1. Report, in degrees rounded to the nearest 10, the 0 to 90 angle that the Cα long axis of helix B:50-96 makes with the longest principal axis of chain B.
2. Express as a percent, rounded to the nearest 5, the fraction of DSSP beta bridges in the protein assembly as shown (both residues included) that run antiparallel.
3. For region A:30-160, give the magnitude of the charge dipole about the Cα centre (Cβ charges: +1 Lys/Arg, -1 Asp/Glu; no others), in debye to the nearest 20.
4. Over chain B, what is the relative contact order in percent, taking alpha-carbon pairs closer than 8 angstrom and at least six residues apart?
5. What residue among A:Met145, A:Pro75, A:Pro48 has its Cα farthest toward the positive end of the dipole of region A:1-151, where the charges are +1 on Lys, Arg and -1 on Asp, Glu, each on the Cβ?
6. Looking at region A:12-139, what % of its DSSP beta bridges pair antiparallel, to the nearest 5?
7. Cut-off under 22 Å on the C-alpha distance; same-chain residues fewer than 8 positions from A:Lys165 excluded. Which lysines are left, in chain and number order?
8. Explain nothing, just the number: dipole magnitude of chain B about its Cα centre with +1 on each Lys and Arg Cβ and -1 on each Asp and Glu Cβ, in debye rounded to the nearest 20.
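Since every read-out is calculated from the coordinates, none of them should be taken as a lab result. Not measured: the values here are computed from a predicted model. Note that each Cβ is placed from the backbone with ideal geometry, even for glycine, and that neighbours are counted across all protein chains shown.
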Amino acid sequence: MLSINDKVPSFSALGVNGSATREYSDKDLAGKWSIIFFYPEDFSFICPTEVTGFNRHIEEVKKLDTQIIGISVDPVDMHKEWIKELGIKYPLISDEDGKIAKSFGVLDEADNRAHRATFIISPQLNIEFTMVTSRNVGRSVEETMRVLRAIQSGNLCPADYDPVKEE
Amino acid sequence: MSKNLAPIEQVKSRIELKGRAREFVFGMQDGLISILGLVAGVYGAYPNQGFIVAVIGITGAFAAAISMAVGSLLSSEAERDLLLAEINQAYEHFKKEPYLAQESLLEEFMNAGLDKPTAYKAVKVISSNETVLFENFKDSVLGLPSVEDENPYLNATVMFFAFVLGALFPVTPFLISSGSMAYYTAIGITGIALFSLGFLKGYLSNQSPLKSASKFFIIAVFAGFVSEGVGNLVSQYYLSP
């Protein structure tokens, strides 16, 4: 699995944003902060709690000059329906062969689906934060947001430091 | 019940009746065969004592009917208690991990042929009511029937009367007659009753009624002759001077 200061591996795959489908690659990450999160599959009952969790923070994420991208092994058509179902306002990449998840080191090869892994990536394409949880445990979107704010503050941050609360 | 759902209600009633038929068929065929066996055995030992055969037949019939009914009641109650315990355990699990119930129901619906988005939407709708979600999880995923479907007392009552009814066929000829006339009449009408019962069972279970009826009939005749043979043997060895 990728770790802190590792470079984002190069990748290229189709993704959907709203109803628009296009090719997404590591080049889309350059020049701005990114939250990349892998999740096992569309149309399940743990994943939407995370997917909509990120969706609720979309405006704040934009203000932090950051983009969110979700990645799973589902095909583009499935992503389209999933986006429509949940009203997702950020792109979902279709990693059908699991290559992207594998290059990030988060592919569960037993069933060719991704673990619940989250990466915060700097504009220079360096990994700044990683978190991976068991298939049965949804990740904390709030914690991801706190870490993003803390990293962007550039401060030395003690436990649970949150620039928003410090203001 | 709205009028257009009446046919479904009829189907449900028919299924319930068929479920009860299990107790009836089991009780009656047991009453027919075991009491025919008993009276044939006693007849073998006391061929000219129709009254003794009848008294032993009636006594045996009631003793066995009570035993069968109590057995049915206790086993139904035990089954019901076990089922209730399973349902309670499943509910505890469900309360702790409702997502697991949703995921497993989703998989169940997909296995039944729905595509994933449709199955997801169906589970989502069902999930808007906790009771409905649990009932679907319990029925479709765990395969646990509802406790209300079982009525141990009714099952026991059906079993008791079915057994007594069955026993009447082999006993009655000895109440009004004796000797070989009573014996062969008992075998004959018991055979006919078993044939009819087998026919009914075949009809209710959508199997060949004639095949089912023949099977019941052969068993009856076999039971009658074997029991008479045993009665004869016992009387020769132990009752002869």
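1. 10 degrees
2. Taking every DSSP beta bridge within the protein assembly as shown, about 70 percent pair in antiparallel fashion.
3. So the magnitude is around 440 debye.
4. 37 percent
5. Most positive-ward Cα: A:Met145.
6. Once the DSSP bridges in region A:12-139 are tallied, antiparallel ones form about 70 percent.
7. Qualifying lysines at Cα under 22 Å: A:Lys62, A:Lys63.
8. 780 debye
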